[in-house]
């Protein structure tokens, strides 16, 4: 009986938890990030990037005189949790939502922010995200459709590869990227000799690598999340593979190098963002980030940081806190580092929320990511 | 090596379902208060309340398995998943919710029978092993049979049903619908346990040896309790799919089963309202104690251990325990 | 043919690691009727302990021995005193539930206290491969096989050939009779818990380089150990190794020749078949039902 009384007291207590509709005071930014599960590395970097930017922005007086109040919640890398948290962010009156980073999660949670007309920045790279006709979704990095042709060009022009073995993770990110990659290499006459699907969170890559190795390709293309990439590189090394190993963004990222150790040496990847980019703003950011969190940021750290500064820049441009006006202003916008140093690199957004900027080819040398080439933004040639 | 009887702990003689007028009245007040609660909440609060109801259906079923039949089931989330996928796949194909609901329930009942029959034939704790294995297997099938289940991509855009022409698309009506269904299910289970036929469950809980000597077919009743428990999870799954609108294999993994099991035990296995307390602890309380973040589950783990040492009957056995201590009837 | 042998060799190597964890699991069951559902977390914890010692500059071997001692104290003595001893009198199930609670506590405590990121772990063996008769074997696989296999065999010899080992087995088979014979049952049981702590540290040393050290790394190894123990025979120490190796090899073969997606399912199918057809396990003896 007492339990019933306790229960009812508890439920009523929940109802009385204050809910804030603050129109003035701090402006709320909600982070939906992968702080556990298979996306931990991505989510943690993204979150720390946003946090660093928020700290700096607040120290410099906030946005339009209002302090930023950032609250991060853990999606556990699960789409339905991300969706529930998106509902909560809407309830809490968030001005902008940051994340999730995982494509599978944002594809499910974005409908909630769209319904509430709240701009939503994502770290997701799956092509499908910006093809939903959602005017409130914005990327913080390249889509796979932009990145993969650059990888394909590298395979055919630089490596002169005739055949490739693909190892990818079977989720929205991995499968989506692999599909785009297949389309990108088709016109180059590169043959796919092995096409191997692996599980998110897979621990043992011995079978996958052996199968890929047996197909005797010119190049290995590895497209998985961070931990899986490290395990795969270790297994490739263990089985004595000496062919080039190529990836996109993840493969040469900081956490992968840390986890894979020696095995990462020689891996090549196209990256949209890297803390090793030969740009003074990025170098300064990387230093500040390491002072604050004691680890080197990967591309997701840059995504979170630059996105937060884009929020500041665009909000100041429109002069008010208005989600709809913000979204309208974002479409077709061009922002330059000269004017807004926090955005780290010149960037432009199109009508779908996709962005364009310079990118880099990187290679792991002696346990460090090195930029071997800087590729121009797509729009710059026109 | 004392493989003593593996039924769950405390077995005081109690009626299968507590009954008294004041209790009923109080229960009614609590239910009405809960039903009106979301009027003061926003979408997320309403969502949580609906989610609470969904898990309540599953844990009430689980309580029948654990509390009354004395069986550890580590596979309740698998049945939740089977129910959710059956409902989602059917509704995406255009079939109505009310056609998929009984299908989900029946499928889980049948699978529960098929799984429980061989496992219960041998030894008591083998059902725990078998259900654990079954849960992992179901998770793998959900993730890998992409053509049917959508694999890791999941199934998006699952509709909500309409009832007598009224759309339950909005959060509040859907919550009331879920709450009403949950109450109906709980009432059915209560009726079942009180019926002459169902009294055998209470006999089974209180003393399986005595029940056997009185002519209760232990294996048959245990199996039935397990299958009905699975069936409840299947029903809960259908509501889950419709509530969230998206499903992927993640919420149906072994960890979810584990949490439900521990929830029921913490609440008080074999007590009719034990699952209510347990589900509050696993679904609502973490939200309330958000400041504890990850420490919440760690503390929950410690609480489970402490409870096993000092209060193996669960939280709901606390009043009795205190009372008996006052009288000095128990050491 | 080369592929096949290579797969079998690396499968046996992986399987012996499962076997090591499974062995501790069966020993605990025999000695104290403890079904330890936190066995996976018991492997995860020494991995973090080793990282800690490596972090303060200890070489790998020293870190391993230090972690062994920590593990024996924490997962051996403390686990027995604080959780097993007070609960044993309640029967099997409350203890099972307490170990489930323990697994939640350890995992979430590490996640809350240390974080959810993965950490790299150095391999105890050199990288690379060598070829015998055209079959390529990696040093890591060979090292794992020798170390884990050696430990399991040594433990088996200890149990069969020494007085202490036999006394421990006697306690496991019939506690009362052992007591009458003048065996210090409490001490023997404590030994088993110490051995389990050490085995967990060994499994951690071998599995961490490939799994990476992370708060949830115990989930998979824990399940594998559990399946291996039951497949081999819950009440037979020899069964644990057989179960582990069987799982390791079959997983590799199915992963390569059938479908990598159902690699994880192999252990399960064997496990469910064993439960249904031969519940006492491949090498186990049937236990009569006690009331």
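Throughout, read-outs are computed from the coordinates displayed, never taken from laboratory work. Note that the structure is predicted; figures quoted are calculated from it, not measured. Glycine also receives a Cβ, built like all others from the backbone with ideal geometry; neighbour counts cover every protein chain displayed.
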Please list the equivalent ellipsoid semi-axes of chain A, computed as the square roots of five times the alpha-carbon gyration tensor eigenvalues, in descending order and whole angstrom.
37, 25, 19
Taking the Cα-to-Cβ direction at residue A:373 and at residue A:283 and moving 7 Å from each Cα, how far apart do the two end points lie in nm?
2.4
Antiparallel content of DSSP bridges confined to the protein assembly as shown, in %, to 5
40
Measuring from centroid to centroid over Cα atoms, what is the spacing of the stretch B:46-73 and the stretch B:268-326 in Å?
15
Counting every C-alpha pair in the stretch B:172-331, the percent lying more than 23 Å apart is 52
Cα-only Debye scattering, the stretch B:41-253: base-10 log of I(q)/I(0) at q = 0.09, 0.11, 0.17 Å⁻¹
-0.36, -0.53, -1.12
The stretch B:41-253 - percent relative contact order, Cα under 8 Å, separation 6 or more
46
Stretch gain in nm, segment residue B:323-residue B:195, where the contour uses 0.36 nm per residue and the Cα spacing is subtracted
43.1 nm
Suppose each label sits 7 Å from its Cα in the direction of the beta carbon; what would the residue B:295-residue A:292 distance come out to in nanometres?
2.4
What percentages, rounded to whole numbers, describe P(r) for the stretch A:277-382 computed over all alpha carbon pairs with 10 Å bin width beginning at zero?
13, 41, 32, 12, 2
Extend 7 Å from the Cα of residue C:139 along its Cα-to-C-beta direction; within the stretch C:61-76, residues with backbone N under 17 Å of that point are C:61
Stick to the Cα atoms of the protein assembly as shown, pair each with every other, and give me the Kirkwood hydrodynamic radius in Å at one decimal.
29.7
Given R₀ = 30 Å, FRET efficiency for residue C:127-residue B:147 by Cβ-Cβ distance, to 0.05?
0.15
Kindly provide the helix-only [θ] at 222 nm of chain B, computed as the sum of -39,500 (n - 2.57) over DSSP H runs of four or more divided by all residues, to the nearest 500 deg cm²/dmol?
-21500 deg cm²/dmol
Set the Förster radius R0 to 41 Å, insert the Cβ-Cβ distance between residue C:278 and residue C:5 as r into 1/(1 + (r/R0)^6), and round the FRET efficiency to 0.05.
0.90
Going by alpha carbons, how many degrees (0 to 90, nearest 10) lie between the helix axis of C:237-253 and the longest principal axis of chain C?
30
Residue mean of other protein chain beta carbons inside 10 Å, A:197-209:
6
Per DSSP H run of at least 4 residues, take -39500 (n - 2.57); add these up for chain A, divide by its residues and hand me the 222 nm value, nearest 500 deg cm²/dmol.
-13000 deg cm²/dmol
What does the helix-only formula give at 222 nm for chain C: each DSSP H stretch with n ≥ 4 adding -39500 (n - 2.57), the total divided by the residues, and the result rounded to the nearest 500 deg cm²/dmol?
-23000 deg cm²/dmol
Between residue B:187 and residue B:287, what FRET efficiency comes out of the Förster formula 1/(1 + (r/R0)^6) with R0 = 25 Å and r the beta carbon distance, rounded to 0.05?
0.40
Output field shielding_mean for A:81-90 (other chain Cβ, 10 Å radius) holds 4
Distance in nm between label sites at residue B:309 and residue B:219, each 7 Å beyond Cα in the beta-carbon direction?
4.0
Over all residues in C:27-37, what is the mean tally of Cβ atoms on other chains that come within 10 Å of each residue's Cβ?
2
Using only the alpha-carbon atoms, how far is helix B:171-194 inclined from the longest principal axis of chain B? Give it as 0 to 90 degrees, nearest 10.
30
Rounded Å value of the spacing that divides the Cα centres of the stretch B:165-239 and the stretch A:312-347:
57
Listed highest first by mean packing, meaning other Cβ atoms within 10 Å per residue, what order do B:65-74, A:273-282, B:179-188 come in?
B:65-74, A:273-282, B:179-188
Going from the alpha-carbon gyration tensor of chain C, what semi-axes, largest first and in whole Å, does one get by taking the root of 5 times each eigenvalue?
29, 23, 19
Between helix B:43-63 and chain B: long-axis angle, C-alpha atoms, 0 to 90°, nearest 10
40
